Amino acid sequence: VTRTLLACLLLCLPLFTGCATGPTIRSNVDPSVDFKTFRTFGFLQPLSTDREGYQTLISQQLIVSAQRELESRGLTRDDSKPDLLINFSADLDQRLRVTQTSAPAASSFNRHRHGLYSTWPTYQRTEIRQYTLGTLGVDVVDAARRQLVWEGFALGRVTQRTTDNLGPVLNDAVVEIFREFPLPPRPAAP
């Protein structure tokens, strides 16, 4: 249980702050669904990011962020009979990156001799780096049909820096994921 919570935490954080460019966002939508017909939403109980018998800190942050994003699109939270059910998923995947580069065999050489030799001795340098790829997913389910109608994902590298700043990282990831949602945010009232 603790390992899974830690994995979720580590997964979500780096995805969003690991790179200057941010996480990679992907989404899929059921093209036959008219999202304008939905008025309310709620959260699946228990969420996939919860643990047996209690709600995790990750789930709490994801709920706050997703609720804000959905309400900004004109939907209302209704836990008793929602039109849409929201769920979250998180996954960590250990990866290896192998890079090979050619390097000169000698640490230095005289540039003026370059024309005298057809080739310079080189060797292949192989560098192996381990990293963690994290994925945060948001599922939106039509509650009446019990069918997935939209899903969004944030993918990115997990680093210590991102895990040290969990709340804002998760919030930023949810904001980025919902940029792909079929309902755009409504303009703020004047």
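Here the 3J(HN,Hα) profile of region 58-75, calculated from phi with Karplus coefficients 6.51, -1.76 and 1.60 at θ = phi - 60°, is 4, 4, 4, 5, 5, 4, 4, 5, 5, 4, 4, 5, 5, 5, 5, 9, x, 8 Hz, Gly and Pro shown as x. Distant-in-sequence amide contacts of residue 149, defined by a placed amide H-H separation under 5 Å and a gap of 5 or more residues or a different chain, comprise 140, 141, 142.
Roughly how far apart, in whole Å, are the Cα centres of region 26-50 and region 52-96? Taking the Cα centre of each part, region 26-50 and region 52-96 sit 10 Å apart.
Within the assembled protein chains, the solvent-accessible surface assigned to residue 166 is about 40 Å², based on a 1.4 Å probe. Shape summary of region 16-80, radius of gyration then Dmax from alpha carbon positions: 14.6, 41 Å. Both numbers refer to the Cα atoms of region 135-190; Rg and Dmax are 14.4, 42 Å.
The values are calculated or read from the model by the stated rules, or taken from the named source; none is laboratory data. For clarity, every value in this text was computed on a predicted model and none was experimentally measured. In case anyone asks, the SASA skips ligands and DNA or RNA and just uses the protein heavy atoms, side chains included. Shrake-Rupley method; radii C 1.70, N 1.55, O 1.52, S 1.80 Å.
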